[in-house]
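The values are calculated or read from the model by the stated rules, or taken from the named source; none is laboratory data. Quick caveat, the model's predicted, so the values are computed rather than measured. No Cβ is skipped: glycine too gets one built from the backbone with ideal geometry, and neighbour counts run over all protein chains shown.
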Amino acid sequence: MSPATPPSSPASASRHVRRVTVRQAHVGERAAAAPLADAFESDPVLASFVPAGPARRERLETLFWAMLSSGPVQAGTVDVALDTRGRIVGTAVWEKPAPGATSAAHFVAQIPNYLRALGLRGAVTAARRRSVLRRPRPALPHWYLAEIGVSADARGTGAGSALLEHRLELIDRANAAAYLESSTPRNRTLYRRHGFVDLGRITGLPSGEPEAMWRPRARVDE
């Protein structure tokens with residue numbers, strides 16, 4: 001799913017670097033879902049399968065918690081940004097190259113939560129959208145940024161950039177590539193600053209045409 005809330009610019013991150021810290025999310029840390037629900041609350045594509053209603057925010061948090069618990073958090077690929085009070089204000093969800101069979105087992109365990117959040121029709125729509133997004137992904141091994149979001153009251157603190165830079169540093173140490181989809185020009189400008197290049201627009205979605213973006217490995221093997 002395309003990141004809904006753009007991380008702050010690198011300049012903003014340097015000004016506010018002491019206001020947030022980044023660490024790996026803990027298993028069972030449900031608060032990690034809240035920044036994603038906040039960031040994607042007005043996302044038009046999500047509205048097609050999580051319609052407006054009195055329980056929509058609760059359903060969004062259930063959806064993102066199911067997604068976090070379906071493999072990424074157990075794999076150690078969910079990062080959270082904490083403010084000076086220790087409150088989680090940002091979350092980034094990555095998928096490592098070759099996530100393995102354990103992810104499938106965790107996904108099956110979360111099916112009831114997916115259905116609770118989406119309903120059967122919404123789950124079918126979400127599966128179709130995921131299929132469209134997966135088509136342009138390169139066959140080369142890569143890390144995938146599935147989601148990134150920052151709470152409304154923490155935007156401008158550098159939380160988003162801190163999350164992005166934290167994982168990209170680890171990816172560079174491993175000499176790995178990265179991939180994401182970006183829905184807005186502002187996001188794409190930022191990702192280009194972090195080494196991502198455009199691969200082309202993704203068509204076939206009910207709303208918008210996000211850009212597929214690729215970040216090559218830091219070093220080329222000789």
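The set of residues from segment 124-155 being of a type in the set (Gly, Ala, Ser), farther than 20 Å from ALA31 by Cα and modelled with pLDDT of 80 or more comprises just one member, ALA139.
Among the residues of segment 136-167, just one is exposed (fewer than 15 other Cβ atoms within 10 Å of the Cβ), touching a helix residue (DSSP H, G or I) at 6+ places or on another chain (Cβ under 8 Å) and hydrophobic (A, V, I, L, M, F, W, C), namely ALA152.
Summed over segment 131-159, the residues that are under 13 Å from the mean Cα position of the chain (by Cα) and over 14 Å from TRP94 (Cα atoms) give a count of 1. Considering segment 1-105, the qualifying helices (runs of 4 or more DSSP H), each wholly inside and each with 3 or more residues that are at pLDDT 80 or above, run over 33-39, 56-69, 72-75.
Scanning segment 55-74 for residues that are touching a Leu at 6+ places or on another chain (Cβ under 8 Å) and among the aromatic types (Phe, Trp, Tyr) yields a total of 1. Counting the residues of segment 168-187 that are over 17 Å from ARG219 (Cα atoms) and crowded, with 18+ Cβ neighbours inside 10 Å gives 5.
Within segment 161-187, being of a type outside the set (A, V, I, L, M, F, W, C) and over 30 Å from VAL124 (Cβ atoms) holds for SER161, GLU165, HIS166, ARG167, GLU169, ASP172, ARG173, ASN175, PRO185, ARG186. For ARG188, the requirement of being among the basic types (Lys, Arg), at pLDDT 85 or above and closer than 18 Å to VAL132 by Cα is not met. Scan segment 72-122 for residues that are among the hydroxyl-bearing types (Ser, Thr, Tyr) and surrounded by 15 or more Cβ atoms within 10 Å (Cβ to Cβ) and the total you get is 4. The residue pairs whose first member lies in segment 82-95 and is within 12 Å of ILE148 (Cα to Cα), whose second member is assigned to a loop (DSSP other than H, G, I, E, B), and whose beta carbons are closer than 6 Å, counting only pairs six or more residues apart or on different chains, are VAL89/ASP83; VAL89/SER151; TRP94/THR77.
Here SER131, SER69 are screened, and the one residue that is among the polar types (S, T, N, Q) and surrounded by fewer than 21 Cβ atoms within 10 Å (Cβ to Cβ) is SER131. Figure legend. Inter-residue proximity from segment 126-141: first residues within 16 Å of ASP43 (Cβ to Cβ), second residues surrounded by 14 or more Cβ atoms within 10 Å (Cβ to Cβ) and of a type in the set (Phe, Trp, Tyr), beta-carbon distance below 7 Å, spacing 6+ or different chains. Indicated pairs: ALA126/PHE49.
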